[in-house]
Amino acid sequence: MKLIKGSEEMRWMPSRYHFALFRLAGWLRLRNARIAGERDRILSLHRYQSGIEMSGVGFWTLLTVTCWFAGLLRGLPPPLALLAGLPLAWISLQVVTAFAALVIAPLVRLVARRPGENNLALNSFAVMLMLVAAASWISMQRTWARFAAWQFLALVALNALAATLLFFLRDDVARLERTLGGETSASSSFSSP
Amino acid sequence: MSESRRSFLSRFGVYGVFWRQFLRWAVLNVPMWLEPVILAFWTALFLLWGAGRRGVSRNLRAILPGSRALPNFFRTYRVFWNFAWTIADHMRFQELRVVPDWEFDGLENFRRLESTPEGAIILTAHMGNYDLGAHLFATMSDRRIVMVRAPETDARTREWVERHHGRTAAEGLTIGFNTGAGELALDLLSALRNGDIIAIQGDRVTPGISALPAKLFGHAAEVPAGPFALAMAAGVPIFPLFIARRGLRRYRLFVGEPFEVVRSRNRTESFERAVRRWTEELEIAVRAAWFQWFNFAPFSKELR
């Protein structure tokens, strides 16, 4: 875990984001910026450190899945269907996560012969794959929810494009991170000048 | 109901060990981008804990005079939400060494605390992330810090927490469990005289701990006597310190001006002055961040 002394603007460092779209946005924001603020805080360089990203993606996923359920509840008018869809979405996301954690992850570890308890990366991939599969199916149904499915798939595709771009920009991104102190592991006393 | 069945069901009580085990499992399995959504759900579920909900609501009525029941219900959710995040952040740190971002207020006082050669007492509240703050200090400083905690009420949870704290505590950080009025006192006094820092939460009195009378938000309350007695006996300053959560894995640490518990002929007056100073700081901090004061029981008998 890397800790650096940073300023408010340095929160945009790409290494603090998980999804490629956000990492690209961070790089775009910082690449020509002059970091003027005082480095008066401790920043953790961790891929899941952004509240905007984590809350944004999480609640956008919840809203999207709510629309999917609402679209499938054909007997209800849309406002009521959305209301009913919210708890269904909330619970289903947890069921899907539990399925990934209790079934998929142990199976993968068994086949790969890699025991362990930290299944975050594995489950993240598995849950996202299940959501893409669900979106693909709903996008082919005759319901207004198919628009919610299309936007989900479009954003996934955009993220894949951003990841490709970042692959070609990886040296620039690494240079930016180095300039901002991203490669320095600093656990020095905060009182030091 | 048989004893064994009661014992089994107690695991699922609010203070039961099941929730620690479940949180640990969740921290290792729930994708981080789903964490806000999952926590929002379980926070809403925990609002079913009537005693905690009512306790927070009553405290809010004292902190925010004139506040009404319905808005306070949503404010209570906000308190529960912040609490869920702080315990999740702490568990994530213990299991995965994920450290939050830190901002500082009162930096000059923080530096004084770090650089003073003598011992010192950090007096804090059940706000923000006490545990992570202590770990941060232990990591960033050469000073040895002893963090005093009240033991968990549930025996199984206590055993689980003590096992995990021992496994993942940072070097330079010792955790002492305050299980009785005098058990830790001599060790803490000795630590202070050796130049160590003692961190104690001074906003709640647990059963069996000696207390001093105080006034908080206009209501009669009690604060633990230990920090003030230690400060007087060892002749060390007390630094008020508060930690407030500012967002996802982002905390602000405020260190106030230190004060001393002056030794005089009139001990009662010395303690009263020090307690008044502490409660003034506490009131300012809690008023500014009421949504992070994790006091799930009424802080005053007058509020029950």
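Scanning the stretch B:207-235 for residues that are more than 16 Å from B:Arg273 (Cα to Cα) and among the β-branched types (Val, Ile, Thr) gives a single hit, B:Ile209. Restricted to the stretch A:78-94, and to residues there that are of a type in the set (Gly, Ala, Ser) and under 19 Å from A:Gln151 (Cβ atoms), the residue that is nearest to the other protein chains (Cβ to nearest Cβ) is A:Ala89. For the residues A:Gly56, A:Gly75, the requirement of being free of Cβ contacts under 8 Å to residues at least 60 places away in the same chain and facing another protein chain (nearest Cβ under 10 Å) singles out A:Gly56.
Before we move on, is A:Thr97 in contact (Cβ under 8 Å) with a residue 40 or more places away in the chain, at the interface with chain B (Cβ under 9 Å from one of its Cβ atoms) and surrounded by 18 or more Cβ atoms within 10 Å (Cβ to Cβ)?
Taking the combined requirement at face value, the residue does not satisfy it.
Identify all residues within the stretch B:62-87 that are modelled with pLDDT under 95 and among the basic types (Lys, Arg); write none if there are none. Passing the criteria: only B:Arg68. Considered as a group, the residues in the stretch A:16-47 that are surrounded by 20 or more Cβ atoms within 10 Å (Cβ to Cβ) and away from chain B (no Cβ under 13 Å) include one that is farthest from A:Phe125 (Cα to Cα), and that residue is A:Leu30.
Against the condition in contact (Cβ under 8 Å) with a residue 24 or more places away in the chain, more than 9 Å from chain B (Cβ to nearest Cβ) and over 12 Å from A:Glu177 (Cβ atoms), how does A:Glu9 come out, does it pass? Yes, satisfied. When the stretch A:13-27 is filtered for residues that are over 12 Å from A:Tyr48 (Cα atoms) and touching a Pro at 6+ places or on another chain (Cβ under 7 Å), the ones remaining, listed by number, are A:Gly26, A:Trp27.
Within the stretch B:26-75, the residues that satisfy the criterion of being within 14 Å of chain A (Cβ to nearest Cβ) and of a type in the set (Val, Ile, Thr) are B:Val27, B:Val30, B:Val37, B:Ile38, B:Thr43.
Of the helices (runs of 4 or more DSSP H) lying entirely inside the stretch A:63-139, those carrying at least 3 residues that are more than 24 Å from B:Leu45 (Cα to Cα) are A:105-112, A:120-138.
Here is a check on your reading of the model: is A:Ser50 touching a strand residue (DSSP E or B) at 6+ places or on another chain (Cβ under 6 Å), touching a residue at least 12 places away in the same chain (Cβ under 8 Å) and buried (at least 19 other Cβ atoms within 10 Å of the Cβ)? Here the answer is no, as A:Ser50 does not meet what is asked. A single member of B:Ala191, B:Ala155, B:Ala169, B:Ala138 is closer than 21 Å to B:Phe228 by Cβ and either modelled with pLDDT of 90 or more or small (Gly, Ala, Ser) (or both), and it is B:Ala191.
Check the stretch B:279-296 and report whether any residue there is buried (at least 18 other Cβ atoms within 10 Å of the Cβ), touching a helix residue (DSSP H, G or I) at 6+ places or on another chain (Cβ under 9 Å) and more than 22 Å from B:Trp85 (Cα to Cα). Looking for residues that are buried (at least 18 other Cβ atoms within 10 Å of the Cβ), touching a helix residue (DSSP H, G or I) at 6+ places or on another chain (Cβ under 9 Å) and more than 22 Å from B:Trp85 (Cα to Cα), one finds none in the stretch B:279-296, hence no.
Among the residues of the stretch B:192-214, is there at least one that is part of a loop (DSSP other than H, G, I, E, B), out of contact with any Gly (no Cβ under 9 Å at 6 or more places or on another chain) and of a type in the set (Asp, Glu)? Looking for residues that are part of a loop (DSSP other than H, G, I, E, B), out of contact with any Gly (no Cβ under 9 Å at 6 or more places or on another chain) and of a type in the set (Asp, Glu), one finds at least one in the stretch B:192-214, hence yes. Criterion first (surrounded by 17 or more Cβ atoms within 10 Å (Cβ to Cβ), at pLDDT 95 or above and over 22 Å from the mean Cα position of the chain (by Cα)) does A:Ala70 satisfy it? Criteria met by A:Ala70. A single member of B:Glu95, B:Glu114 is at the interface with chain A (Cβ under 9 Å from one of its Cβ atoms), of a type in the set (D, E, K, R) and within 29 Å of A:Ser7 (Cβ to Cβ), and it is B:Glu114. Please verify whether A:Ala157 is over 25 Å from B:Gln94 (Cβ atoms), within 14 Å of chain B (Cβ to nearest Cβ) and in a helix (DSSP H, G or I), treating the condition exactly as stated. Here the answer is no, as A:Ala157 does not meet what is asked.
The values are calculated or read from the model by the stated rules, or taken from the named source; none is laboratory data. Remember, it's a predicted structure, so these values are computed and weren't measured experimentally. For neighbour counting, all protein chains shown are included, and Cβ atoms are generated from backbone atoms with ideal geometry for every residue, glycine included.
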